[in-house]
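*Asks:* I have a structure I would like to understand better, so I am pasting it below and will then ask my questions one at a time.
Taken together, the values in this text are just the output of simple stated rules run on the coordinates, not laboratory data. Everything numeric in this text was worked out from a predicted model, so none of it was measured. Every residue, glycine as well, gets a Cβ built from its backbone with ideal geometry; the counts of neighbours run over all protein chains shown.
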Amino acid sequence: MQTYAFLLGTHPILSLAELMSFLDNQKIAHGKLVLFDSIAIIDIKKVPEEIAKLQNELGGIIKIFAITNQFSGKIFEIEKILTPEILLKDFFVQKSKKINFGISVYSDPDPTYAELNWLTNFAHGIKKKLKDEYSIRYVEDRGWHLSSVQVERNRLIDTGAEIALIRNGPDFYLGKTLTVQDYRSYSQRDWDKPSPDAKSGMLPPKLAQMMINLTRDKKTKAVYDPFCGSGIVLQEAMMLGLKIYGSDISSEAVENTINNLEWLSKLKKISAGKINLRIKEADATKNDWKILDTSATVIVAEPYLGPPLRMTPFAPQAQTILKELSQLYLGFFKNLKRNFPHVQKVGMVFPVIRSRDGLKYLNILDEVAATGYTRKVILPPEVTKKDAGVSPRGGFLYSRPDQLVLREIFVFERK
Ligand SMILES: C[S@@+](CC[C@H](N)C(=O)[O-])C[C@H]1O[C@@H](n2cnc3c(N)ncnc32)[C@H](O)[C@@H]1O
């Protein structure tokens with residue numbers, strides 16, 4: 001086993017759920033998890049090259065580090081470990097005489113001013129020792145860690161290294177960054193598609209990818225989104241190499257989805273076959289689609305989340321909206337039971353409304369359970385309890401601070 005650290009995204013508990021589901025579902029052998037701040041440390045039975053390949057499949061992971069050393073004590077000990085010889089042998093592995101490097105600190109508790117000062121001097125010391133033989137540059141930031149953009153723009157991974165110093169109380173983990181998230185590709189998938197749907201609201205591609213990873217397993221071949229909107233879930237499923245099927249009650253949404261998927265398959269050179277034959281107009285509370293009714297299909301969807309809200313509603317108004325939405329969601333589950341009895345897993349967004357009287361939830365979980373779909377427990381309760389990113393009933397919350405309609409994410413299973 002080799003130790004890796006994962007920097008979790010803006011919704012850390014959801015990112016962690018994605019990571020653990022991915023490892024379990026893909027049957028990747030791993031050890032116990034050490035979790036603190038936005039860092040997850042875990043032993044995995046895979047070599048760094050294999051782990052680096054996972055980066056593009058994990059929407060919730062910002063950076064992946066390979067841990068080379070662990071010690072307990074004071075920060076100054078790294079001087080003994082990171083000698084110029086070790087740096088040249090294990091960190092700056094490129095063959096050229098040009099080296100760009102940086103140091104990022106992820107620490108709980110925060111590093112002191114004296115520690116940061118010492119680190120800066122240490123980095124300049126390395127530069128000094130190697131400068132006669134190499135053209136060496138130290139990339140610094142006023143903060144304690146470099147962003148993925150800085151790592152990428154300065155080409156630290158292929159022309160030097162981002163050294164990661166991770167601290168949890170007295171324990172230090174020292175390593176180097178293997179990969180950072182491809183922020184350009186996500187932003188292109190988010191903003192450049194030809195037929196966006198600003199009206200229904202757009203699911204962030206990273207969230208769509210996380211939902212697919214929470215829901216799929218090793219035998220999953222296809223993703224079906226019966227509320228496909230502008231096709232973001234399907235777009236991400238296609239990027240993950242899965243077969244895609246979609247439907248929507250609106251003909252405009254069907255057209256948008258087809259346009260967007262055809263655009264992406266050309267852009268990324270993915271041969272997706274005749275996309276238009278796999279996207280159709282249908283009501284998710286009534287339709288059936290025989291070829292999809294197998295355990296190799298998973299459903300991942302963000303149904304209608306209600307009307308856009310301009311002002312924080314009073315609690316009764318929020319309850320009225322949610323009551324109306326319940327019909328649609330329950331109608332979908334009843335139809336699923338009737339027409340897709342072999343589909344076992346469903347990843348879904350539920351709306352949560354921020355009312356003047358606190359958050360209001362879609363109260364249909366008991367009725368959904370009565371139709372035979374029970375919620376999957378993804379992370380152990382000792383990890384999720386008291387986490388602000390988890391609702392009192394165990395759903396993962398996803399929102400921006402100013403949003404009046406939040407997303408609550410569940411995975412349901414039919415036993
Ligand atoms: C929030 S949008 C989905 C956004 C989509 N996840 C995306 O990424 O673009 C909800 C969609 O549900 C569709 N919808 C509403 N009621 C429906 C129903 N009964 N059956 C199928 N689709 C429905 C709407 O037309 C809309 O496109």
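*Asks:* Just the C-alpha atoms of segment 2-181: what Rg/Rh do they give, with Rh taken as the Kirkwood radius?
*Replies:* 0.95
*Asks:* Quick one: order 115, 85 by neighbouring beta-carbon count within 10 Å, fewest to most.
*Replies:* Working: 115 18, 85 8.
The order, fewest Cβ neighbours first, is 85, 115.
*Asks:* For the chain, what is the mean residue ellipticity at 222 nm derived from helices alone (per DSSP H run of n ≥ 4: -39500 (n - 2.57); sum divided by total residues; nearest 500 deg cm²/dmol)?
*Replies:* On the way: 13 runs with 133 residues, N = 415.
It comes out at -9500 deg cm²/dmol, rounded to the nearest 500.
*Asks:* Further, regarding this structure: Find the percent of Cα-Cα distances in the chain that exceed 40 Å, and round it to a whole number. Mind dumping the intermediate values first?
*Replies:* On the way: 20967 of 85905 pairs.
Of all Cα-Cα distances in the chain, 24 percent exceed 40 Å.
*Asks:* For segment 103-246, taking Cα atoms only, what is the radius of gyration to one decimal and the Dmax to the nearest whole Å?
*Replies:* When restricted to the Cα atoms of segment 103-246, Rg and Dmax are 21.0, 63 Å.
*Asks:* On alpha carbon coordinates alone, what is the Rg over Rh value for segment 276-407, Rh being the Kirkwood radius?
*Replies:* Working: Rg = 16.2 Å, Rh = 16.4 Å.
Looking at segment 276-407, the ratio lands at 0.99.
*Asks:* Test of understanding: in a Gaussian network model of the chain with alpha carbons linked when under 10 Å, which of 194, 307, 401 would top the mean-square fluctuation ranking?
*Replies:* 401
*Asks:* Also: Can you spot the aspartates and glutamates whose alpha carbon is less than 16 Å from residue 131's alpha carbon? Ignore those fewer than 8 places along the same chain.
*Replies:* 85
*Asks:* Of 140, 382, 262, which has the largest mean-square fluctuation in a 10 Å C-alpha GNM of the chain?
*Replies:* Most flexible of the set in this elastic network: 382.
*Asks:* Here is a further query. For segment 203-327, what does the equivalent ellipsoid look like in terms of its semi-axes, each the square root of 5 times an eigenvalue of the Cα gyration tensor, given largest first in whole Å? Mind showing how you got there, number by number?
*Replies:* Working: eigenvalues 149, 51, 46 Å².
Equivalent ellipsoid of segment 203-327: 27, 16, 15 Å, largest first.
*Asks:* Something else now. Please rank 302, 408, 57, fewest neighbouring Cβ atoms within 10 Å first, as an exposure proxy.
*Replies:* On the way: 302 25, 408 21, 57 17.
Fewest-to-most Cβ neighbours within 10 Å comes out as 57, 408, 302.
*Asks:* Which Rg and Dmax, in Å, describe the Cα atoms of segment 337-380?
*Replies:* Taking only Cα atoms of segment 337-380, I get Rg and Dmax of 13.5, 42 Å.
*Asks:* Let me ask something else about it. Run down the aspartates and glutamates and flag those whose C-alpha is under 17 Å from the C-alpha of residue 337, throwing out any fewer than 8 positions away in its chain.
*Replies:* Result set, ordered by chain and number: 225, 283, 288, 293, 366, 367, 413.
*Asks:* Just for the Cα atoms in segment 193-414, what are the lengths along the principal axes, largest first, rounded to whole Å?
*Replies:* That gives 49, 35, 33 Å along the principal axes, largest extent first.
*Asks:* Calculate the dipole size of the chain relative to its Cα centre from +1 charges on Lys and Arg beta carbons and -1 charges on Asp and Glu beta carbons; express the result in debye to the nearest 20. Mind dumping the intermediate values first?
*Replies:* Values: 58 positive and 47 negative charges, 143 e Å.
Dipole size: approximately 680 debye.
*Asks:* Further, regarding this structure: Out of 145, 342, 124, any idea which swings most in a Gaussian network model of the chain, alpha carbons joined below 10 Å?
*Replies:* The residue with the greatest mean-square fluctuation here is 124.
*Asks:* Would you list the membrane-span-like helices of the chain, meaning whole DSSP H runs whose alpha-carbon atoms span at least 18 Å along their axis and whose mean Kyte-Doolittle value is at least -1.0? Show your work: numbers first, answer last.
*Replies:* Details: long enough: 12-25 (19 Å, 0.89); 113-130 (26 Å, -0.36); 251-267 (24 Å, -0.36); 315-339 (35 Å, -0.37).
Helices meeting the span and hydropathy rule in the chain are 12-25, 113-130, 251-267, 315-339.
*Asks:* Follow-up. Going down the list 97/128; 32/219; 80/129, which pairs span over 18 Å between their C-alpha atoms?
*Replies:* Checking Cα-Cα distances, 32/219 exceed 18 Å.
*Asks:* Taking the beta-carbon count within 10 Å as an exposure proxy, list 247, 271, 265 from fewest neighbours to most. Don't jump to the answer; show the numbers that get you there.
*Replies:* Values: 247 22, 271 5, 265 17.
By the 10 Å Cβ count, ascending: 271, 265, 247.
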